[in-house]
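Structure first, then comments.
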């Protein structure tokens with residue numbers, strides 16, 4: 001089966017009344033992530049390390065896997081993103097970047113999902 005890469009890029013931006021450090025901790029270390037999204041990000045966050053998105057509903061189900069591409073504490077992280085069944089098929093991986101910055105008295109969080117396959121584009125579009 002031939003995978004066709006999409007030219008689509010999905011960008012989600014939100015502003016939060018907190019510090020970049022708190023956004024970072026919530027995203028990377030998970031207590032708030034678990035509380036609001038029901039999952040945790042699991043990695044040692046070193047470039048090249050494995051990364052996975054794990055549901056925290058008691059079963060520890062892995063929903064997404066990838067590799068850490070870049071990690072700058074309190075500012076930015078980039079991971080590859082794939083279904084666990086496609087973990088070894090790099091052509092089925094997309095990329096997710098999270099950029100965190102101060103804007104006035106808020107913290108801007110920009111989530112960019114790119115390098116999408118048509119299949120992944122459909123998944124991201126559907127939330």
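The values are calculated or read from the model by the stated rules, or taken from the named source; none is laboratory data. Everything numeric here is computed off the predicted structure, so don't read it as measured data. Backbone-built Cβ (ideal geometry, glycine too); neighbour counts: all protein chains shown.
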(request) Could you grab me the full set of residues in the stretch 87-102 that are surrounded by 14 or more Cβ atoms within 10 Å (Cβ to Cβ) and over 10 Å from residue 66 (Cβ atoms)? (result) 92, 97, 98, 99, 100, 101
(request) Just give me the residues in the stretch 1-49 being in a loop (DSSP other than H, G, I, E, B), at pLDDT 90 or above and over 25 Å from residue 92 (Cα atoms), in sequence order. (result) 17, 18, 19
(message) Need a quick list: strands (runs of 3 or more DSSP E) entirely within the stretch 71-127 having at least 2 residues that are free of Cβ contacts under 8 Å to residues at least 40 places away in the same chain, within 19 Å of residue 52 (Cα to Cα) and touching a strand residue (DSSP E or B) at 6+ places or on another chain (Cβ under 7 Å).
(response) 76-81, 94-103
(message) Of the conditions (1) within 12 Å of the chain's Cα centre (by Cα); (2) at pLDDT below 85, residue 59 satisfies every one except a single condition; which number is it?
(response) (1)
